[in-house]
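Input: a single structure, listed below in structure tokens.
Each value in this text was obtained by applying a stated rule to the coordinates, not by laboratory testing. Just so it is clear, the model here is predicted, and its values are computed rather than measured. Quick reminder, even Gly has a Cβ in these numbers, built from the backbone with ideal geometry, and neighbours come from all protein chains shown.
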Amino acid sequence: MPAAANDLTEFFQVYKPPLAPLTNTAHPHDDFSGEVCSTTLLKYEFVNSYGHPAVAQYTPPPASCDWNTVYFHLYTMSKGRQYDRLAFLFLNDTELWRTSTPEPTAAGIYSTYTKDLTQFSTLLRQSGTLIFDLGNIVTDVLTGTFAVTMTAHYFKLEVPSQHKPADVIAPVSKMQGSNQQPSIFVLPNDIAQSTISVPKDVKKAVLSVIASGNSEEEFWYTNVPDDLKNTFPDTSLLGHSSYREVQVFVDGVMVDAIMPTPAIYTGGINPGLWKPIVCPYAYDLWEAEIDITAWVAGKSNAVIDLQVQGLHNVNSTLEVGGGIGQNWFVSARSFFWTDPTTAPIDASQFTLKASPPTIQYDYKIEGEGAAKVMTFSLSVERQAVVQRTTGDCAVWSTRNQKYSIQSSLFANGNNQTLLATTSVNDNVQIIPHNSTSLSQKIDVRTSEFTLGIDSAFIPYKDTSFFLYGKVNNTYNNQGPEYPLLTDKSALFLNSSSSSEQLGLQKYRDSRFMDDSSSYFSAAAGSNKTSWINGASQQGYRYDLTDSPSTSNRTVISYKRDVRSVYPQVKSDFQSINGVPVPGPVPIVSDPNQRKTGVVAAEAICISQPHGRVLECASR
């Protein structure tokens, strides 16, 4: 870690460290002891950088560096006043990582994050061009630059026998790497379509998708159905509903529609919420995988289309479609595992059954004028079943997804409460053709994500304003870990199979967040004083539930509970494999940890739902 960080405040994300450290360190997420080699990939300061990404040549380690695992580490430093910024890392035309920055302070901050990129081993054993795009603007008001250092750390670890990175990786992107630009599709303006070459002897094929809403779509989960946009005459609400799905097409057939997990960037809702503990996923944005083996096997090429859709009003209900606002950034990666010794996959064995989504929608509007309250609820359920029939049995691979939300807007549409839940269950049912044998159901993965938001915006005649934000979040997930590091596919399980074969190991993790913050911005020239307060509590749990192979570097369990009162950490407990992690500095226990003291507000930049971007300054 650069020495300059000693004088700065760390703004950090709560997540599992990649490795169990060899020594008792206060910084397990940044500890690379035991590496076989490492290199600095790039150093760059992003000033006025829209259209000007950092570009560096990537050279793989020499033959003397024998590795099977690789981590990229990002260190970011900033000082001044600035918005949060989205960043994309590409190797040639393939997106490796999507991240975002913290919002800085006048005194200066830093952040670090370590990303496991072992699934890209095939690409990272070849030379190429790294493109790290972080669009930033510096003015007299927006003074913060972002100085970044990115390093790669290579390890030779004990790995399970089924550890096998993909043989071929093909991008689904805009293919702008040769122009030294990020190959990102921007929806709805672009057509997010790529023709990919399919290698011979495909054993497994997975499409990994990255998609994030921005600008009008940054807070898509706070949007309203189109028929409610004009409920409050003095307030413009964003539409297309509070539901989004990422649709994946292979050769014109929609093979899945994925319900994305929301992420809140560090300037979102109320910046006091995210200092110094940022929202989960802020530094490592949501990704999702779809098994496309059945739809590409035996072909020489395939056309992949990515679309993002919301809901639109049709008569008295809602249907998928109607477009989206500006904008979504999307790309994907096709991972192929090949095996010339196995029999070719017979595509005629597979059938896709995807029923139209089940949508329920209700709303009511009560009161008049300042007392008007608009409340709505909606839910969307989807099921997709891939059936494979062989001589011995039928295999049904099923994905069930459900999204539901209840939302209320009042105070002329400036205040909103909502509770949204996304649940996903993947399972496989094996049905023998022999009537004397029992069918077997294998739960592959289950996850549930809940997000609760209570926000308020109160403007005053002198242009002062008050903001309140409270965000609650829980996430529970269990299933096979590292599915992109094995050639096992759910479509080819049999009666002796288990879901552990679909990853390197089986795990469960859970996280929770309870954050609140208030901010008052005084009008210029008034006798008022700007102030801010806030408190945060976040927790994370991770456990391996079954692993065929572990070593002294394996994180078998991880626990962290951290609390802060804006803008300082008040308590922090971590343990790895049951061993407490020493704190970087002593933290005094405070019985009033959740008490939020008022702090004079420094310059902050705010993005709010429904397109409300507030003045980026403390006045």
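Beyond 18 Å in Cα-Cα separation lie the following of the pairs 204/488; 204/506; 16/506: 204/506. For the stretch 163-176, 3J(HN,Hα) computed residue by residue from phi via the Karplus equation (6.51, -1.76, 1.60; θ = phi - 60°) reads 5, 8, x, 4, 7, 9, 10, 10, x, 10, 7, 7, 6, 10 Hz, glycine and proline entered as x. Could you check how many percent of all C-alpha pairs in the stretch 3-614 are farther apart than 35 Å? Result for the distance tail: 41 percent. Shown in residue order for the stretch 352-367 are the 3J(HN,Hα) couplings computed by the Karplus curve 6.51 cos²θ - 1.76 cosθ + 1.60 at θ = phi - 60°: 9, 10, 10, 6, x, x, 8, 10, 10, 8, 8, 8, 8, 10, 10, x Hz (x for Gly and Pro).
Within the same chain, aspartates and glutamates fewer than 8 places from residue 43 are excluded, and of the rest, those with a Cα less than 18 Å from its Cα are 30, 133.
Calculated translational diffusion coefficient of the stretch 26-102 (4 °C, 1.567 mPa s; Stokes-Einstein with Kirkwood radius over alpha-carbon pairs) equals 85 µm²/s. Highest mean packing comes first when the peptides 549-556, 300-307 are listed by Cβ atoms within 10 Å, giving 300-307, 549-556. In this label model, residue 122 and residue 215 are separated by 3.4 nm, measuring between points 7 Å along each Cα→Cβ vector. Cα-based values for the stretch 308-437, radius of gyration first and Dmax second, are 22.1, 72 Å.
Around the amide H of residue 331, modelled in the peptide plane, lie the amide H atoms of 210, all under 5 Å away and 5 or more residues distant in sequence or on another chain. The sum of -39500 (n - 2.57) across all DSSP H runs of n ≥ 4, divided by the residue count of the chain, sets its helix-only mean residue ellipticity at 222 nm to 0 deg cm²/dmol. If R0 is 56 Å, what FRET efficiency do you get for residue 55 and residue 575 from their C-beta distance, rounded to 0.05? Calculated value: 0.85. Calculated FRET efficiency, residue 40 to residue 510, Cβ-Cβ distance, R0 = 45 Å: about 0.80 to the nearest 0.05. Amide H to amide H, with H built 1.01 Å from N, residue 415 comes under 5 Å of 410, 457, counting only residues 5 or more places away or on other chains. Normalised by 2.2 N^0.38 Å, where N is the number of residues, the C-alpha radius of gyration of the stretch 327-367 stands at 2.42. Taking amide H as placed 1.01 Å from N in the peptide plane, the amide H of residue 354 sits under 5 Å from that of 385, each at least 5 places away or on another chain.
Within the same chain, aspartates and glutamates fewer than 8 places from residue 559 are excluded, and of the rest, those with a Cα less than 14 Å from its Cα are 509, 543, 572.
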